[in-house]
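Okay, structure first, notes after.
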Amino acid sequence: MKELTFIHRNYDKWKVVEEAVRTVDSQSPDTLADIYVDLTSDLAFARSHYPRSRITLYLNNLASELHNHIYRNKREKWSRLLTFWTREVPLTMYQERRVLLTALVIFLVSMMAGVVSQLADEDFCRVILGDFYVDMTLDNIANGDPMAVYGGDGEMGSFVSIAMNNIRVAFNCFVMGLFTSIGSGLMLFYNGIMVGCFETLFFRHGLLWQSFLAVFLHGTLELTAIVIAGASGIALGNGFLFPGSLSRLQSFRRGARRGLKMVVGTVPVFIVAAFVEGFLTRHTEFGNWRVLFIIASLAFIIYYYVYRSCQLGNEK
């Protein structure tokens, strides 16, 4: 590539970098990291093809200045903990919105697959949920307490074990992205089938509304977090599979950084969902009042993961 062509193609991008350096305090760490990776890639190209050119000197100085700003601010302030949840997590969701949509579609399609399969074969749930769990559920239905499974253990013990299990599943979804995004997609698909056939099992016994109130009291938050965890693994895998203009290693690092931020962002959601499941779901006597909590959970999800995410994304 001729030097003038190289400059013409990247001039506007370098002006953006200059502006980012001037306003470095208002830039998010992820934005600075992405800019730095892109800039050093251009610098490496310039050093290889135009080692004695003024453009190489310009890029080297610009990269050095950005590097100094990044590492000067490496020691984080306590306020970073707040901005991580209020800005960085929702902004990352916006940046990976296509991946999140893909994960949601996979989950919804798999739920429908679970519904259709259970309607077609009454014993399908035994393949997915296991004979012991299905037999226990059928016994609970026969005894007039279909949601007894949520009240079997102590409240605190249930809360801790559920939280640990859900967080483990979330990080498994993320790690599966190391084996390409297909692994995380398959985990999402399996979880969606579980939900679909479970709800259909109760539907066949005329208990769909009772099941919906019990499951989605905690499941509105929990299932949303599972979809996000699956999306984090897909983002990790896509970083390796689809590097775009970056090197495969650079793209993988960016995907890993964003994916990790997404899955870490689900931890508080899983903890709250586990608390609800351990302490509240067992109280079926709350009746239809549980709808209010489900609506409140859904409102939080829409605000934080959709509205706040788009708001921050459109500021950029």
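The values are calculated or read from the model by the stated rules, or taken from the named source; none is laboratory data. Worth saying up front: this structure is predicted, and the values here are computed from it rather than measured. Neighbour counts are summed over all protein chains in view; Cβ atoms, including those assigned to glycine, are modelled from backbone coordinates with ideal geometry. For accessibility, only protein heavy atoms count, side chains too; no ligands or nucleic acids. Shrake-Rupley method; radii C 1.70, N 1.55, O 1.52, S 1.80 Å.
Determine if the stretch 283-302 includes at least one residue that is outside any helix (DSSP H, G or I) and closer than 19 Å to VAL227 by Cα. If you could, list the steps in order and put the result at the bottom.
So in the stretch 283-302, the residues outside any helix (DSSP H, G or I) come out as 283.
With closer than 19 Å to VAL227 by Cα added as a condition, the list becomes none.
Within the stretch 283-302 (the criterion being outside any helix (DSSP H, G or I) and closer than 19 Å to VAL227 by Cα), the answer is no, since none of the residues qualifies.
Considering every residue within the stretch 64-83, establish whether at least one is open to solvent by less than 30 Å² (accessible area, probe 1.4 Å), at pLDDT below 85 and closer than 25 Å to ARG248 by Cβ.
Checked the stretch 64-83: at least one residue is open to solvent by less than 30 Å² (accessible area, probe 1.4 Å), at pLDDT below 85 and closer than 25 Å to ARG248 by Cβ.
Please go through the stretch 42-57 and give me each residue that is touching a residue at least 24 places away in the same chain (Cβ under 8 Å) and open to solvent by 40 Å² or more (accessible area, probe 1.4 Å), ordered by number.
Pass one, the stretch 42-57, residues touching a residue at least 24 places away in the same chain (Cβ under 8 Å): 42, 45-46, 49-50, 53, 55.
The answer is PHE45, HIS49.
How many residues, within the stretch 95-141, are β-branched (Val, Ile, Thr), closer than 22 Å to MET187 by Cβ and open to solvent by less than 30 Å² (accessible area, probe 1.4 Å)?
Initial filter on the stretch 95-141 (β-branched (Val, Ile, Thr)): 99, 102, 105-106, 109, 115-116, 127-128, 134, 137, 141.
In the following step, the residues that additionally are closer than 22 Å to MET187 by Cβ were identified as 99, 102, 105-106, 109, 115-116, 127-128, 134.
Among the residues that remain, those that are also open to solvent by less than 30 Å² (accessible area, probe 1.4 Å) are: 99, 128, 134.
Of the residues in that region, 3 qualify.
Is it the case that the stretch 209-216 has a residue that's buried (at least 24 other Cβ atoms within 10 Å of the Cβ), at negative phi and either touching a residue at least 12 places away in the same chain (Cβ under 8 Å) or not hydroxyl-bearing (Ser, Thr, Tyr) (or both)?
Looking only at the stretch 209-216, we keep the residues that are buried (at least 24 other Cβ atoms within 10 Å of the Cβ), and these are 214.
From the residues that got through so far, the ones that are at negative phi too are 214.
Cutting the leftovers down to either touching a residue at least 12 places away in the same chain (Cβ under 8 Å) or not hydroxyl-bearing (Ser, Thr, Tyr) (or both) gives us 214.
So far as the stretch 209-216 goes, yes, one or more of its residues are buried (at least 24 other Cβ atoms within 10 Å of the Cβ), at negative phi and either touching a residue at least 12 places away in the same chain (Cβ under 8 Å) or not hydroxyl-bearing (Ser, Thr, Tyr) (or both).
Restricting to the stretch 259-273, count the residues that are part of a helix (DSSP H, G or I) and either acidic (Asp, Glu) or open to solvent by less than 30 Å² (accessible area, probe 1.4 Å) (or both). Don't jump to the end; show me each part of the working.
Just the residues of the stretch 259-273 that are part of a helix (DSSP H, G or I), to begin with: 259-265, 267-273.
Going one step further and asking which of them are either acidic (Asp, Glu) or open to solvent by less than 30 Å² (accessible area, probe 1.4 Å) (or both), we end up with 259, 261-263, 265, 269-270, 273.
Selection size over the stretch 259-273: 8.
Quick one: would you say ARG248 is open to solvent by 20 Å² or more (accessible area, probe 1.4 Å) and under 19 Å from the mean Cα position of the chain (by Cα)?
Details: open to solvent by 20 Å² or more (accessible area, probe 1.4 Å): yes; under 19 Å from the mean Cα position of the chain (by Cα): no.
So ARG248 fails the test.
Looking at (1) surrounded by 20 or more Cβ atoms within 10 Å (Cβ to Cβ); (2) without any contact (Cβ under 8 Å) to a residue 60 or more places away in the chain, which one does ALA229 not meet, given that it meets all the others?
(2)
Limited to the stretch 274-316, what total is found for residues that are touching an Asp or Glu at 6+ places or on another chain (Cβ under 7 Å) and open to solvent by 30 Å² or more (accessible area, probe 1.4 Å)? Quick ask: steps written out before the conclusion?
Step one: of the stretch 274-316, the residues touching an Asp or Glu at 6+ places or on another chain (Cβ under 7 Å) are 278-279.
With the extra rule that they be open to solvent by 30 Å² or more (accessible area, probe 1.4 Å), the set shrinks to 279.
Here the count works out to 1.
Taking interchain pairs and intrachain pairs at least six residues apart, which have beta carbon atoms under 6 angstrom, with the first residue in the stretch 107-123 and at negative phi and the second in a helix (DSSP H, G or I) and open to solvent by 40 Å² or more (accessible area, probe 1.4 Å)?
Within 6 Å, the pairs are SER110/PHE189; SER117/PHE124; GLN118/PHE124.
Just name the residue that is nearest to ASN143 (Cα to Cα) out of those in the stretch 169-199 that are assigned to a helix (DSSP H, G or I), polar (S, T, N, Q) and open to solvent by 10 Å² or more (accessible area, probe 1.4 Å). Break it down into steps so the answer makes sense when it comes.
Taking the stretch 169-199 and keeping what is assigned to a helix (DSSP H, G or I), we get 169-179, 181-199.
Still in the list and also polar (S, T, N, Q): 172, 181, 184, 191.
Imposing the further condition that a residue be open to solvent by 10 Å² or more (accessible area, probe 1.4 Å) reduces the set to 172, 181, 191.
Working: ASN172: 36, SER181: 43, ASN191: 28 Å.
That would be ASN191.
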